[in-house]
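Reviewing the structure listed below.
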Amino acid sequence: MISVESLKVEFGVKPLFHDASFVINERDRIALVGKNGAGKTTMLKILCGLQKPTAGSVTIPRETTMGYLPQVMVLQDDTTVREEAKKAFAGTIRLKERIDRMERELAERTDYESAEYNALVERFTQDHDRFLMMGGGNYEAELERTLAGLGFLRKDLDRPTAEFSGGWRMRIELAKILLQHPDVLLLDEPTNHLDIESIQWLEQFLASSSNAVVLVSHDRAFINNVTNRTIEITCGQVVDYKVPYDQYVVLRAERREQQLRAYENQQKEIADIKDFIERFRYKATKAVQVQSRIKQLAKIVPIEIDEVDRSAMRLKFPPCLRSGDFPVICDSVRKAYGDHTVFEDVTFTIRRGEKVAFVGKNGEGKSTLVKCIMGEIPFEGQLKIGHNVQIGYFAQNQAQLLDESKTVYDTIDYVAKGDVRLRINDILGAFMFGGEESEKRVSVLSGGERSRLAIIRLLLEPVNLLILDEPTNHLDMQSKDVLKEAIKAFDGTAIIVSHDREFLDGLVSKVYEFGGGRVREHLGGIYDFLRHHNIESLNQLGTSSPVQKETPAEPAVPSAAKQNYVERREMQKRIRKAEKEVKTSEERISAMEKRLAELDSILCTPEGASDMTLVTEYTSIKKTLDEEIGRWETLAMQLEELQTSIE
């Protein structure tokens, strides 16, 4: 399908890679791997035509379509989620409009025997058949299925994209690419903004798709579940392993062992030649042999060894004070923003030494609860931090707090204590800051590099409670292994917010699931949790958690009517909650209308009309009022439906 021949890319004196040749076939599932900076993203850009190579060629058949998801892209903010996703069907929609025009023309014309009429019928038939083959009649349903798979609720589809975070808008872009069904999908870190459920959906989508896929990802489980071929960029070369990632790891280790043996033999040969030259350099009788050895030495091509895999390196935390037996105790914790309850009745205890995971869809409150634990935001209920607890916190914006005037080395040297200072270069190398990279100033680092540096800095501080919020988003697999092993060996307690199953596997012994305003505790590792979650989904056993808190005794009700009683009581609770939401919305509308009336009176005066602060306030309140009225209409309709259903 796509042929890459003798590709070479140069950004400086040393080529990024050279003499790269491979073919992408139909239904290939290719993992593009290599250390950060090896050229993976550059290769994807060349394949989709966004960047030109220094030399070589990429041959793509004219009819082949490409879909490319970059790590960072310019996002549109002037449409709703549905309208933005519908852009994927622009060709289908134009075809439908053309068919509709021809259909109207056929109904209006009466020259049934003319050549023009017959030609119109022929064009209509061809376009209509093509429209049916493209599944044009079902594109709305397919659009909703894809957006739901990526985590959007039905009520989200008509919300403006501007209301969503950058991560959610990247999901919209991913949905648009998937809905176009290109012949080749090029995905650069597609799982960075997805939760576990959405990653699983994407895995299933790609597995059942007929497209060829080339992806860059540091999510090992995702790569293993999706790909059947691995292409590595290493030492400026592209090596094609026609096996899945797990088998590639084994073959790569064998390849490196062979390289090491060949390198050692070559070094011995070089040493012998140099020794001969030094011994007989000034003997006239050996002049010919010495010149021969010098020429032989010049012809030797040095054997390069693939980048050293430092995942086996062990990074230990410095000694820290012993905390109390229960570093974190939550009792009926609740957090709400206005009428929106993020979570409520959160009750659990984390013991000293436990490693636990916070998982769930984006927006369900994982980072919010972390901020409650850190004391950064107010909440309701009791949340107690245990005796002698020292918290080390990595937030997703942690990298912004680094001192930009320092070098990478100085940043780590500042916090390193004791023997760790002797191993700073090894530690930096394991996190891709080896050699000259350690002398870079923080001000010139990319966002990903700053995140890695912030993690190293955190790991060297003497703390006994680690809280890590999505720590692996910018780490490659080797660095993630170093971090994972460090946390496993950590004597203290760790709370990890992550969507990376491979990272959490074997690391955590307890999983807290966030969803539906609740936090449920699951004993066991991440894959125990996932298996249990899938069983619940398949059997459609309802929304109750397998482990529930005991509820107060219910009034005695005849067994035949008990189910109806419980359902009616639950419905009444929902009605009371809906009535409260409607009332709160009405109060907000009334307050805004009152303020608008006041501003309107002031702005009618000459002095007020020239006050831009008041004009800005009036415009802002008017916009908020319109949104609140729309929200009130939705809430009132929902309340009416609930009241009707119980009558």
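The values are calculated or read from the model by the stated rules, or taken from the named source; none is laboratory data. All of these numbers come straight from a predicted model, not from anything done at the bench. We place every Cβ from the backbone using ideal geometry, glycine too, and count neighbours over all the protein chains shown. We work out accessible area using only protein heavy atoms, side chains counted, and drop any ligands, DNA or RNA first. Shrake-Rupley method; radii C 1.70, N 1.55, O 1.52, S 1.80 Å.
Going by the structure shown, is GLY324 out of contact with any strand residue (DSSP E or B) (no Cβ under 8 Å at 6 or more places or on another chain) and touching a residue at least 12 places away in the same chain (Cβ under 8 Å)?
Yes; evaluated as a whole, the condition is true for this residue.
Among GLU113, GLU122, GLU97, which is modelled with pLDDT of 85 or more and out of contact with any Lys or Arg (no Cβ under 9 Å at 6 or more places or on another chain)? Don't jump to the end; show me each part of the working.
Details: GLU113 fails: modelled with pLDDT of 85 or more; GLU97 fails: modelled with pLDDT of 85 or more.
Answer to the selection: GLU122.
State all residues of region 196-231 that are assigned to a loop (DSSP other than H, G, I, E, B) and surrounded by 22 or more Cβ atoms within 10 Å (Cβ to Cβ); if no residue qualifies, say none.
SER217, HIS218, ASP219, THR227
Filter region 410-441 for residues that are open to solvent by 40 Å² or more (accessible area, probe 1.4 Å) and closer than 14 Å to ARG452 by Cβ; which is modelled with the highest pLDDT?
LYS440
Could you run through region 456-466 and say how many residues are in a helix (DSSP H, G or I), surrounded by fewer than 22 Cβ atoms within 10 Å (Cβ to Cβ) and in contact (Cβ under 8 Å) with a residue 60 or more places away in the chain? Quick ask: steps written out before the conclusion?
Looking only at region 456-466, we keep the residues that are in a helix (DSSP H, G or I), and these are 456-459.
Filter once more, so that each one left must be surrounded by fewer than 22 Cβ atoms within 10 Å (Cβ to Cβ): 457-458.
So of that shortlist, the ones also in contact (Cβ under 8 Å) with a residue 60 or more places away in the chain come out as 458.
Residues meeting the conditions: 1.
Listed residues ARG261, ARG256; which is in a helix (DSSP H, G or I), open to solvent by less than 80 Å² (accessible area, probe 1.4 Å) and closer than 17 Å to ILE303 by Cα? So that I can check it myself, show each step before the final result.
Numbers: ARG261 fails: open to solvent by less than 80 Å² (accessible area, probe 1.4 Å).
Testing whether each residue is in a helix (DSSP H, G or I), open to solvent by less than 80 Å² (accessible area, probe 1.4 Å) and closer than 17 Å to ILE303 by Cα leaves just ARG256.
If I ask for residues that are at positive phi and either of a type in the set (Ser, Thr, Tyr) or in contact (Cβ under 8 Å) with a residue 60 or more places away in the chain (or both), which ones from region 410-455 would you list? Before you say what the answer is, go through the steps one by one.
Going residue by residue through region 410-455, those that are at positive phi are 418, 432, 435.
If the condition is that a residue be at positive phi and either of a type in the set (Ser, Thr, Tyr) or in contact (Cβ under 8 Å) with a residue 60 or more places away in the chain (or both), then GLY418, MET432 are the ones that fit.
Which condition number in (1) closer than 20 Å to SER367 by Cα; (2) surrounded by fewer than 23 Cβ atoms within 10 Å (Cβ to Cβ); (3) of a type outside the set (S, T, N, Q) is the one that TYR512 fails?
The one condition TYR512 does not meet is (2).
Just give me the residues in region 471-482 being open to solvent by less than 20 Å² (accessible area, probe 1.4 Å) and either at positive phi or assigned to a loop (DSSP other than H, G, I, E, B) (or both), in sequence order.
Answer for region 471-482, where residues must be open to solvent by less than 20 Å² (accessible area, probe 1.4 Å) and either at positive phi or assigned to a loop (DSSP other than H, G, I, E, B) (or both): PRO471, THR472, LEU475, ASP476.
Return the residues of region 323-370 that are in a loop (DSSP other than H, G, I, E, B) and either in contact with a Pro (Cβ under 8 Å, 6 or more places away or on another chain) or open to solvent by 20 Å² or more (accessible area, probe 1.4 Å) (or both); say none if nothing qualifies.
Step one: of region 323-370, the residues in a loop (DSSP other than H, G, I, E, B) are 323-327, 338-339, 351-354, 361-365.
Scanning region 323-370 gives ASP325, PHE326, GLY338, ASP339, ARG351, ARG352, GLY353, GLU354, LYS361, ASN362, GLY363, GLU364.
Among the candidates ALA553, ALA561, ALA636, which residue alone is modelled with pLDDT under 80 and in a loop (DSSP other than H, G, I, E, B)? Step through it out loud before you land on a result.
Numbers: ALA561 fails: in a loop (DSSP other than H, G, I, E, B); ALA636 fails: in a loop (DSSP other than H, G, I, E, B).
After applying the criteria, what remains is ALA553.
Under 6 Å by Cβ, and 6 or more places apart or on different chains, what pairs join a residue from region 271-288 that is within 18 Å of LYS299 (Cβ to Cβ) with one that is of a type outside the set (Lys, Arg) and outside any helix (DSSP H, G or I)?
Going by the 6 Å Cβ cut-off, there are no qualifying pairs.
Take residues that are touching a helix residue (DSSP H, G or I) at 6+ places or on another chain (Cβ under 6 Å) and surrounded by 12 or more Cβ atoms within 10 Å (Cβ to Cβ) and tell me which of the helices (runs of 4 or more DSSP H) falling wholly in region 1-114 contain 1 or more. It would help to see each step written out before you state the result.
Working: elements: 40-47, 81-86, 90-108.
Of the helices (runs of 4 or more DSSP H) lying wholly inside region 1-114, those with at least 1 residues that are touching a helix residue (DSSP H, G or I) at 6+ places or on another chain (Cβ under 6 Å) and surrounded by 12 or more Cβ atoms within 10 Å (Cβ to Cβ) span 81-86, 90-108.
If I ask for residues that are open to solvent by 60 Å² or more (accessible area, probe 1.4 Å) and either under 26 Å from GLU470 (Cβ atoms) or part of a helix (DSSP H, G or I) (or both), which ones from region 399-408 would you list?
Residues satisfying the conditions are GLN400, LEU401, ASP403, GLU404.
If you check GLU513 against the conditions, is it at pLDDT below 85, of a type in the set (D, E, K, R) and either part of a loop (DSSP other than H, G, I, E, B) or more than 26 Å from ARG452 (Cβ to Cβ) (or both)?
Values: at pLDDT below 85: no; of a type in the set (D, E, K, R): yes; either part of a loop (DSSP other than H, G, I, E, B) or more than 26 Å from ARG452 (Cβ to Cβ) (or both): yes.
Judged against the criteria, GLU513 is not a match.
Looking at region 153-193, which of its residues are modelled with pLDDT of 80 or more and among the acidic types (Asp, Glu)?
Matches in region 153-193: ASP156, ASP158, GLU173, ASP183, ASP188, GLU189.
Which is closer than 24 Å to GLU26 by Cα, open to solvent by 10 Å² or more (accessible area, probe 1.4 Å) and not polar (S, T, N, Q), of LYS242, LYS268? Outline the logic, then answer.
Values: LYS268 fails: closer than 24 Å to GLU26 by Cα.
One residue alone meets the criteria, LYS242.
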